1. So, in segment B:147-160, how many residues would count as being at pLDDT 95 or above, of a type in the set (A, V, I, L, M, F, W, C) and surrounded by fewer than 18 Cβ atoms within 10 Å (Cβ to Cβ)?
2. Which residues, counting only those in segment A:117-146, are within 21 Å of A:K62 (Cα to Cα) and among the hydroxyl-bearing types (S, T, Y)?
3. Look at segment A:12-28 and say how many of its residues are in contact (Cβ under 8 Å) with a residue 40 or more places away in the chain and more than 9 Å from chain B (Cβ to nearest Cβ).
4. Can you find even one residue in segment A:57-75 that is touching a His at 6+ places or on another chain (Cβ under 7 Å) and either surrounded by 15 or more Cβ atoms within 10 Å (Cβ to Cβ) or among the β-branched types (V, I, T) (or both)?
5. Could you list, in sequence order, the residues of segment B:28-61 that are among the small types (G, A, S), within 8 Å of another protein chain (Cβ to nearest Cβ) and within 13 Å of A:V66 (Cβ to Cβ)?
6. Identify all residues within segment A:40-57 that are facing another protein chain (nearest Cβ under 7 Å) and on the phi < 0 side of the Ramachandran plot; write none if there are none.
7. Which residue pairs have Cβ atoms closer than 7 Å, lie 6 or more positions apart in sequence or on different chains, and pair a first residue in segment B:47-67 that is over 16 Å from B:A143 (Cβ atoms) with a second residue that is acidic (D, E) and surrounded by 21 or more Cβ atoms within 10 Å (Cβ to Cβ)?
8. If you check A:L37 against the conditions, is it within 14 Å of chain B (Cβ to nearest Cβ), out of contact with any strand residue (DSSP E or B) (no Cβ under 9 Å at 6 or more places or on another chain), part of a helix (DSSP H, G or I) and surrounded by 20 or more Cβ atoms within 10 Å (Cβ to Cβ)?
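The values are calculated or read from the model by the stated rules, or taken from the named source; none is laboratory data. Quick caveat, the model's predicted, so the values are computed rather than measured. Note that we place each Cβ from the backbone using ideal geometry, even for glycine, and neighbour counts take in every protein chain shown.
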Amino acid sequence: MLDEFLMALQHSQFATWVQESAYPVVITLHSIGLAILVGLLVVIDVRVLGFARGLPIHALRKLMTVVWIGFWTNAVSGVMLFSIDAKKDFYSNLFRLKLSAIAVGLILGAIINARVLSSPEPYASGETDTPIQARVLAVASLLSWASAIVAGRLLAYFTYGDVGIE
Amino acid sequence: MISEAHPILEWIKQTSIGEFVRSSTWAFPTLQSLHFIGMSMLIGIVGAIDLRVLGLARGLPIHPLHRLLPLAFIGFGINLVTGIMFFCHDPYVYAFNPSFRVKMLLILLAGLNALWFRLGVFIDVDKWGPGIEASRLAKVISALSLLIWIGVIIAGRFIAFTSSVH
């Protein structure tokens, strides 16, 4: 039933259109979205880690709007890319790792946004060091996005997405 | 057309770097992962500065944002090294590829554009504290910067689609 759905998606007119016509544009948008999403989160996370203390932490919240633009660019382009290889991707451990890393990254980003960037504590204005809990969240966020990138890249090179099977 | 050996490209291909990248199925995907991580660091930080200059997240003072530039240079360094390794992997794929040539030209333009910011408007950066609008010239340079870096991503992605060597 699930396999039938995946195969139907993969053989749909939509997937064929993506593969034959839209692919270069879609994969390019996926890279631009990545640079926006992960790049701006890097800025936020390294500030939380204590770099560039002259930057008021609460002012970083405005960057979150742009982070979401990057995220939705990649959610939409990602679904389009998934449709081409639906069955292969669905059963790939690398694909599952990538999606898990993205889920963890999003949750950490939401926590950092709600607890750290919106904090009324003096550290938000750079007067004192950020608390250790905030730094742990920032490091975990950087690691989860790096994992998502690595898993996504490996996915393009290992046919079944499972390392060792080519 | 490009099937005959070219002395310089052949020498580059035979370097130990080229041999190393070709020797393992892991090398290329790993280098690609690093190239995307470096891209996120570089374009995320430069993009954040550009967005602030253009008026987004005005609560961020521009001068301390520049404190993040060393991290952007680390991203650039990662991509320079991994990029050279891709080139050595198979110089014939890149040397004659129009997208690769456009990408290199755009990176050069991005560098000159950043130099223009440094020499033309950086002297005023101290004045652009929280909530203060940057000058018209700074906005023009930042808008160009964003467009050029997006162009670099597009050209980089299109290397795979404009290759005459397989």
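1. Our first condition is that a residue be at pLDDT 95 or above; within segment B:147-160, this holds for B:147-159.
If we keep only those that are of a type in the set (A, V, I, L, M, F, W, C) too, we end up with B:147-150, B:152-155, B:158-159.
Still in the running and surrounded by fewer than 18 Cβ atoms within 10 Å (Cβ to Cβ): B:147.
Residues in segment B:147-160 being at pLDDT 95 or above, of a type in the set (A, V, I, L, M, F, W, C) and surrounded by fewer than 18 Cβ atoms within 10 Å (Cβ to Cβ): 1 in total.
2. Correct list: A:S118, A:S119, A:Y123, A:S125, A:T130, A:S141.
3. Residues meeting the conditions: 7.
4. Within segment A:57-75 (the criterion being touching a His at 6+ places or on another chain (Cβ under 7 Å) and either surrounded by 15 or more Cβ atoms within 10 Å (Cβ to Cβ) or among the β-branched types (V, I, T) (or both)), the answer is yes, since at least one residue qualifies.
5. B:G44, B:G47, B:A48, B:A57, listed by residue number.
6. Within segment A:40-57, A:L40, A:V42, A:V43, A:V46, A:F51, A:G54, A:L55, A:P56 qualify.
7. Nothing qualifies.
8. Against the criterion (within 14 Å of chain B (Cβ to nearest Cβ), out of contact with any strand residue (DSSP E or B) (no Cβ under 9 Å at 6 or more places or on another chain), part of a helix (DSSP H, G or I) and surrounded by 20 or more Cβ atoms within 10 Å (Cβ to Cβ)), A:L37 qualifies.
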